[in-house]
1. With respect to the numbered conditions (1) more than 11 Å from the chain's Cα centre (by Cα); (2) loosely packed, with under 13 Cβ neighbours inside 10 Å, which one is the sole condition not fulfilled by Gln77?
2. Looking only at the stretch 29-57, count how many residues are open to solvent by less than 70 Å² (accessible area, probe 1.4 Å), in a strand (DSSP E or B) and modelled with pLDDT under 90.
3. Quick check on this structure: which one of Pro21, Pro17 is at pLDDT below 55, out of contact with any Leu (no Cβ under 6 Å at 6 or more places or on another chain) and either within 30 Å of Ser93 (Cβ to Cβ) or in a loop (DSSP other than H, G, I, E, B) (or both)?
4. Return the residues of the stretch 80-109 that are open to solvent by 100 Å² or more (accessible area, probe 1.4 Å) and assigned to a strand (DSSP E or B); say none if nothing qualifies.
5. Could you list, in sequence order, all residues of the stretch 58-71 that are open to solvent by 90 Å² or more (accessible area, probe 1.4 Å) and modelled with pLDDT of 95 or more?
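The values are calculated or read from the model by the stated rules, or taken from the named source; none is laboratory data. What you see is a predicted model, and the numbers here were worked out from it, not measured in a lab. Because the Cβ atoms are built from the backbone with ideal geometry, glycine has one as well, and the counts that use them run over all protein chains shown. SASA here: full protein model, heavy atoms, side chains in, ligands and nucleic acids out. Shrake-Rupley method; radii C 1.70, N 1.55, O 1.52, S 1.80 Å.
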Amino acid sequence: TTTKQHLNLFHSITTAPSIAPIVHLSAPIDLKVLKTKSRSILLEWKPPSVVRTSENNNQTNLLAYSINWKPKSAERQREINTTNTSLLIDDLSPDTVYLIQVSAQLASTKGPYAQMEIKTPVEPL
């Protein structure tokens, strides 16, 4: 009977309803460059679509964004997190192609990246 009790306990644990909402995020929408200078890029995007599949829809979670960028030829990337839907990336190198990725995060769910390549102009003399 102990085996039967363990099975019943296991069954009740695995079939217990989840309290946490299951969230599906799209990539941020309409990622675009507002301004490009030789050493900075100003980005803007719209929030992603959010789908909650639990009954807990009244829960308010803060939507945050993770922005990664690196010169296309480099291995290391830089990252910054924000709750804004725009960001000025500075301290860049002139005349360089950058790979930029923006993803949204809600609770513990991280969505896919919206990404783009942008080249900074040559520094003016």
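1. Going through the list (1) more than 11 Å from the chain's Cα centre (by Cα); (2) loosely packed, with under 13 Cβ neighbours inside 10 Å, Gln77 breaks only (2).
2. Looking only at that region, the number is 2.
3. Pro17
4. Asn81
5. Selection gives nothing.
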